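Each reported figure results from applying straightforward, stated rules to the coordinates on display, with no laboratory input. The model shown is predicted, which means the values in this text are computed figures rather than measured ones. All Cβ positions, even for glycine, are placed from backbone atoms using ideal geometry, and neighbour counts span all protein chains on display.
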Amino acid sequence: MFNAALSGDRRSLAQLLSVVEAGGDDFEFVAPKLLASAKGIHTIGLTGAPGAGKSTLTDAMIGEALRAQRKIAVIAVDPSSPFTGGAILGDRVRLSDEHARDESVFVRSLASRGQLGGLSLAVPGMISALDAAGWPIALVETVGVGQSEVAIAASADTTVVVVNPGWGDEVQANKAGLLEVADILVVNKSDRPGADATVRDLERMLHLGAARSWNPPIVKTIAAEGKGADVLWQAINDHRAFMEASGEWEERRRTRRLVELRERVTSALQRISTDIEKNEGQDIAMRVANGELDPATGAAQLRAMLGKRLGD
Amino acid sequence: MTAARILVAKTSLDGHWRGINVVSRALRDGGFEVILAGMVTADTIARVAADEDVDLIGLNVGGRVEVVERILDTLAEHGVKTPVFAGGTIPHYAVEKLEKRGVRCFPPGSSLDDIVACARELTGTVA
C-alpha cells in the first residue's frame, strides 16, 4: 500500500492518510520512509472565524492552482463534538463538483477530535504523506478559534488569515492573536460595507508590531465571485519566493519538526497519564473529583506513578 | 481511536437540505464523522468515497430511484466496495429494488435511532 501510494495510486494514498491519522504502530513503521521520500511540499495554512469564507476561498485557490497547472491537495479541518466525538465535516459543500473530481486535486476532510495534540499530530503526518506521494502544494483549512487551530495554521509555510469587513476592532484583533501568525491577510466579502476601513485597521495594527523582513500584504477578495483570487495566489507565491531567498523556508521546517517531536512526546505521556487515572491512580482522581484532595497534590502523586511506569 | 467515517451525498437537485441535515446531526451525535458532499455527480461520489477513505456511503434520495441505481453502477465501475444506505423520498416499489442490490433503505417515517443503528451495523462499530 505504501509503495503504491508513493507511485501515485490515489486509493492507496487515501488509505495511507488513514494510517497516518490514526497514529499508532503502523504509522511509526511508515514515518521513516515518509522522511526519506520528502520532496519539499509548500504548505499553505488558511484560517479565520467561522463563516469568513475559508471554504469558498479554498475552492478559488484550487481554481488558481489548476490554472497554473499545479496539483493541489487540501486538508479541511472541522471541529469534533466534545460530547460524542462525532463531527460534521462540511467543507466539501463549497467545493465545485468540477474541482472535486479533478485528477489534480485531492481533498481530505479531518475532524479535530478535540483531544490534546490530536490535530497537531495528524496534520503534519498527513502533510508528510502527501509530500512523499508527490503533491507539491497542501492547503490546510482550519477554523481559527482555538489555540491548536491557530498553531496548525502557524506551522504552515505560508499562513493566510481571513477576516471580513467590520471584523471587530483593533483590540479584538490583537487579542485573537491571529495577526501575529499571518503571512498574508485577506479581507473577504469585500463588497460589503466597511471593507476599506477594515483594511486600514489591519494596516495600522501591522505597523504596531515589530518590524519584520516580510510585510504581510492585505488582499481584498470576493471569494464567491472569484474576485481577488488571482491576487491572493500571487501573494502566496511571492511569500514562497521570499522564504526561499531569505532562508526562512528551511528555518520554518526546522521549527516545525521540533514542534512535532515535542507534540508526539507530550501526546504519548498524556495517554499514559490518562491510563494511570483509570487504574492505579483511580483513588487519587476520585478524591480530587470529590474535593477531598487538591488538584496540585493529586497531580504530584500521579506524577510519581508516571515516573514509575516510565522506569519500567 | 478513529471514528467511523460516513459520506453523505444529495442525489437530487432540489433545495431540500432538512432531511440530510437532521440525519447528519443524528449520525454525528452517534459518534460518526459525517462528510457532507453536497450535490455532486455519481463520478464525484465514487471519487470522494475513495479519497476520504469512508466506511459507509449515505445517499439522500429525492424520489428518483434511477439516479440511485446509476450511482450504484458508477461505484461498481470504480471498484468502490463501500456499503451504501439510502434515505429520503424513496417510493415503495423502489425500496425492494434497492434492497435487492444491497442498499438498506429508510423511507419517510423511519426513525433516526434505526438509521444510526444501521450505520453502526454496516461500519462494524459499537456505541
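Across peptide A:78-86, the mean count of Cβ atoms from other chains lying within 10 Å of each residue's own Cβ comes to 5. Given q = 0.10, 0.12, 0.20 Å⁻¹, what are the Debye log10 I(q)/I(0) values for the stretch A:183-304, with equal point scatterers placed on the Cα positions and solvent ignored? Here the Debye-derived log intensity ratios amount to -0.64, -0.72, -1.13. Loop exposure criterion: trypsin sites (Lys or Arg not before Pro), DSSP state outside H, G, I, E and B, at most 16 other Cβ atoms within 10 Å. Applied to chain B, the longest stretch between such sites is B:1-63.
Annotation: amide H-H contacts under 5 Å for A:Val107 (H modelled 1.01 Å from N, sequence separation of 5 or more, or interchain): A:Val74.
Ignoring trypsin sites (Lys or Arg not before Pro) that are buried or in helix or strand per DSSP, and keeping those with at most 11 other beta carbon atoms within 10 Å, what is the longest stretch of chain A between them?
Numbers: sites that count: A:Lys39, A:Arg212.
That would be A:40-211.
Rounded to the nearest whole angstrom, the semi-axes of the ellipsoid equivalent to the stretch B:5-109, taken from the Cα gyration tensor as √(5λ), stand at 18, 17, 13, largest first.
Can you pull out the GluC sites (Glu not before Pro) in the stretch A:234-312 that DSSP calls coil and that have at most 14 other Cβ atoms within 10 Å? Working shown, then result.
Details: sites: A:Glu244, A:Glu248, A:Glu250, A:Glu251, A:Glu260, A:Glu263, A:Glu277, A:Glu280, A:Glu292; in loops: A:Glu280, A:Glu292.
Those that pass, being in a loop and sparsely packed, are A:Glu280, A:Glu292.
Using the Kirkwood radius built from alpha carbon pairs, what does the Stokes-Einstein equation give as D for the stretch A:263-311 at 10 °C and 1.306 mPa s, in µm² per second?
Values: Rh = 11.0 Å.
For the chosen part, D equals 145 µm²/s.
Once C-alpha pairs closer than 8 Å and six or more residues apart are averaged by separation and normalised to the residue number of chain A, the relative contact order reads 18 percent.
From largest to smallest, the equivalent ellipsoid semi-axes obtained for the stretch A:2-246 from the alpha-carbon gyration tensor read 30, 19, 18 Å.
Give the Rg/Rh ratio for the protein assembly as shown, taking Rg as the radius of gyration of the Cα atoms and Rh as the Kirkwood radius, to two decimals. Walk me through the numbers before you get to the answer.
Numbers: Rg = 23.3 Å, Rh = 23.5 Å.
Across the protein assembly as shown, the Cα-based Rg/Rh ratio is 0.99.
Other protein chain C-beta atoms within 10 Å of residue C-beta, averaged over A:19-32: 1.
Spin-label pair B:Arg101-A:Ala211: with each label point 7 Å from Cα along the Cα-Cβ axis, the two points sit 6.8 nm from one another. Summarising the strand pairing of the protein assembly as shown, around 5 percent of its internal DSSP beta bridges are antiparallel.
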